[in-house]
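Engineer: Below: one structure in structure tokens.
Quick note: the coordinates plus some simple rules give every number you see, no bench work behind them. These numbers were taken from a predicted model, which means no experiment stands behind them. Every residue, glycine among them, receives a Cβ derived from its backbone with ideal geometry; neighbour counts consider all protein chains shown.
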Amino acid sequence: MMPKTPLSAAYILALMSLFVGMDITTAQETVVEENAVQPGRFELSARASKIDPRVKSHPEINFMLETPSGKPADVQNAIVDTSVPPRGKLVIWLMSHNKSLFNRLADYGLHAIQVQYARSWFSICCQEKPVGPHCRGNIRLEAATGKDFSDEVQIPKPDGMMERAFQFVKWLDRTNPEGNWKQFLNADRTGLDWEKVIVSGSSHGSTTAARFAKYVKVSRVVALCGPRDQYQSWQGLPSATPPNRFFGFSHVLDGGWKSDHYCRSWELLGMNQFGPIVNVDKVKPPYRNTRRLITDFDVGGNEKIAHSSVQPGSRAYKDKSGKFMHEVVWRYLYTHPVDIVGTAVPADDDCEKNQRQ
């Protein structure tokens, strides 16, 4: 007759040892092995407002927790592949979720998260002409840190990128311990260990990533179609993140390139100290170990396609079979050792640094 109360693990193991002829220690190891989560890819998502009840909407800058139809607008995404040798780095992506990019980051052995932070101010604030030299840079820093750097916005700590990322990683540590997310928390678990973090984005997100890295020392910056912020001067400020850790990739028909916005930012950030501008379609990796990469593949003269063509997606460079042609470029940007650098080159006289409205 079976007992009415649940059997204890010790009782079950003892039975196993009797019927199977193994000792209890061996039985314990067998149970642990059978119950262990197999290595593989974990993709997780959660609403920021469910993780942290302090977060809120900011209608003054069109940053909302829900769309007008009631659809969640604060879903955050994460990925890790525990079957790949880990690099011990966390990528924080500062734009909308890009599943194709995240799949590649996981393939590289990187952890990656995409956070929803108060970033919808760009078309609303700093619209005066001429705009102040620190207007956009200060808002970017406030949106990233949740600290008071700008009089034009009021973004509290829970709605800044730093705190959103910290709370998300803590949630991931609880929800997906197999992913070893706790390695990205600092020693006293009061924030992230930012020197293990790669901040990255495209366009607006790449510019905020670079601005943040001037203020906080990070492992690396990967700026796709960026950074720009023409008419701003923060790019030349002293940097907490060494300049050899900044990497950029853009298409030459992108308006940011044609107007000297990218080349200006790259030089003000000091990236020319580590190699020339290299066309990835004409030079093989490791691209002279440079930090400044460009492409000129045919986009039909379409500036908008050019702008978004440097990240995995429908507008990226593909061959006739649909294979992405910049796979090695993306791997280089996120994994090339930061201490291996190219030969310094002088600033380009044809790149206008002193831009005015």
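Engineer: Could you name the lysines in cross-link range of Lys89, using Cα to Cα under 17 Å and dropping any fewer than eight places away on the same chain?
Structural biologist: Straight-distance partners of Lys89: Lys170, Lys182, Lys196, Lys217.
Engineer: Next question. Taking θ = phi - 60°, what integer Hz values does the Karplus form 6.51 cos²θ - 1.76 cosθ + 1.60 yield along the stretch 337-345, in sequence order, with x for Gly and Pro?
Structural biologist: x, 5, 8, 9, 10, x, 7, 4, 10
Engineer: Mean Kyte-Doolittle hydropathy of 1.0 or higher plus an axial Cα length of 15 Å or more: which whole DSSP H helices in the chain meet both?
Structural biologist: Working: long enough: 9-20 (16 Å, 2.34); 24-35 (16 Å, -0.41); 135-145 (16 Å, -0.25); 161-175 (21 Å, -0.39); 204-215 (17 Å, -0.61).
Span-like helices, by this rule, are 9-20.
Engineer: Please list, in chain and number order, the residues 5+ apart from Phe63 or on another chain whose amide H is under 5 Å from its amide H, with Hs placed from the backbone.
Structural biologist: Here His58 satisfy the definition.
Engineer: Quick check on the stretch 139-180: take the gyration tensor over C-alpha atoms, sort the square-rooted eigenvalues as a ≥ b ≥ c, and tell me if it's rounded (a/c under 1.5), prolate or oblate. Show your work: numbers first, answer last.
Structural biologist: Values: a/c = 5.69, a/b = 3.87, b/c = 1.47.
Prolate is the answer for the stretch 139-180, as a/c is 1.5 or above and a/b outweighs b/c.
Engineer: In a Gaussian network model over the chain where Cα atoms closer than 10 Å are linked, find which of Ile113, Ile277, Ile51 has the largest mean-square fluctuation.
Structural biologist: Ile51
Engineer: Another question, if that's okay. Rounded, prolate or oblate for the stretch 249-357? Axes are the square roots of the Cα gyration tensor eigenvalues, ordered a ≥ b ≥ c, and the cut-off for rounded is a/c under 1.5. Spell out each step's value before the answer.
Structural biologist: Values: a/c = 2.32, a/b = 1.19, b/c = 1.96.
The shape class here is oblate.
Engineer: Compute a Gaussian network model of the chain, connecting alpha carbons closer than 10 Å, and tell me which residue from Pro59, Pro286, Pro227 fluctuates the most.
Structural biologist: Looking only at Pro59, Pro286, Pro227, the biggest GNM fluctuation is shown by Pro59.
Engineer: About its Cα centre, what dipole magnitude does the chain give when the only charges are +1 on Lys and Arg Cβ and -1 on Asp and Glu Cβ, stated in debye to the nearest 20? Don't skip to the answer; put the middle values down first.
Structural biologist: On the way: 44 positive and 38 negative charges, 48 e Å.
The calculated dipole for the chain is roughly 220 debye.
Engineer: Right, something else. Got a sec to turn the phi values of the stretch 234-240 into Karplus ³J(HN,Hα) couplings, 6.51 cos²θ - 1.76 cosθ + 1.60 with θ = phi - 60°, whole Hz, x for Gly and Pro?
Structural biologist: Each residue of the stretch 234-240 in turn: 5, 4, x, 6, x, 10, 5 Hz.
Engineer: Follow-up. So for Trp171, Trp181, fewest C-beta neighbours within 10 Å to most, what's the order?
Structural biologist: Values: Trp171 19, Trp181 24.
Exposure proxy ranking, most exposed first: Trp171, Trp181.
Engineer: For the stretch 235-342, with the dipole built from +1 on Lys and Arg beta-carbon atoms and -1 on Asp and Glu ones, taken about the Cα centre, which of Thr335, Ala306, Phe274 lies farthest toward the positive end?
Structural biologist: Thr335
Engineer: May I ask you to derive the relative contact order of the chain, considering only C-alpha pairs under 8 Å and at least 6 residues apart, and to give it as an integer percent?
Structural biologist: Averaging sequence separation for qualifying contacts and normalising by length gives 12 percent for the chain.
Engineer: Tell me which residues come under 5 Å, amide H to amide H, from Gly132 once H is placed; ignore anything under 5 positions away on its chain.
Structural biologist: Sorted by chain and number, the residues that satisfy this come to none at all.
Engineer: Which of rounded, prolate, oblate describes the stretch 209-286, given a ≥ b ≥ c as roots of the alpha-carbon gyration tensor eigenvalues and a/c under 1.5 marking rounded, otherwise prolate only if a/b is larger than b/c? List each step's numbers first, then the result.
Structural biologist: Working: a/c = 2.01, a/b = 1.27, b/c = 1.58.
Oblate shape, in that a/c is at least 1.5 and b/c is the bigger or equal ratio.
Engineer: If each residue's Cβ is checked for other Cβ atoms within 10 Å, how do Ser200, Ser96, Ser69 rank with the fewest at the top?
Structural biologist: Ser69, Ser96, Ser200
Engineer: For the chain, modelled as a Gaussian network with Cα springs under 10 Å, which listed residue fluctuates most, Lys196, Lys89, Lys323?
Structural biologist: Maximum among the listed residues: Lys323.
Engineer: Still on this structure: Which Cα, out of Pro177, Gln76, Ala106, lies furthest along the positive dipole direction of the chain (beta carbon charges, K/R +1, D/E -1)?
Structural biologist: My answer, from the dipole projection, is Gln76.
Engineer: Over the stretch 223-268, what is the relative contact order in whole percent, taking alpha-carbon pairs under 8 Å and six or more residues apart?
Structural biologist: Result for the stretch 223-268 is 58 percent.
Engineer: Sort Thr190, Thr145, Thr343, Thr208 so that the residue with the fewest other Cβ atoms within 10 Å of its own Cβ comes first and the one with the most comes last. Working shown, then result.
Structural biologist: Details: Thr190 8, Thr145 19, Thr343 11, Thr208 29.
Fewest-to-most ranking of Thr190, Thr145, Thr343, Thr208: Thr190, Thr343, Thr145, Thr208.
Engineer: Let me ask you something else. How large is the helix-only mean residue ellipticity at 222 nm for the chain, computed as the sum of -39500 (n - 2.57) over DSSP H runs with n ≥ 4, divided by its residue count, in deg cm²/dmol to the nearest 500?
Structural biologist: Computed mean residue ellipticity for the chain: -8000 deg cm²/dmol.
Engineer: Within the chain, what percent of beta bridges assigned by DSSP are antiparallel, to the nearest 5?
Structural biologist: Numbers: 14 of 38 bridges.
Here the share of antiparallel DSSP bridges comes out near 35 percent.
Engineer: Moving to a separate point now. Give, as a single signed number, the net charge of other residues whose beta carbon lies under 13 Å from the beta carbon of Ala144, with Lys and Arg counted +1 and Asp and Glu -1.
Structural biologist: Working: positive: Arg119, Arg136, Arg140, Lys147, Lys157, Arg164, Arg211, Lys214; negative: Glu142, Asp148, Asp159, Glu163.
Every neighbour counted, the sum reads +4.
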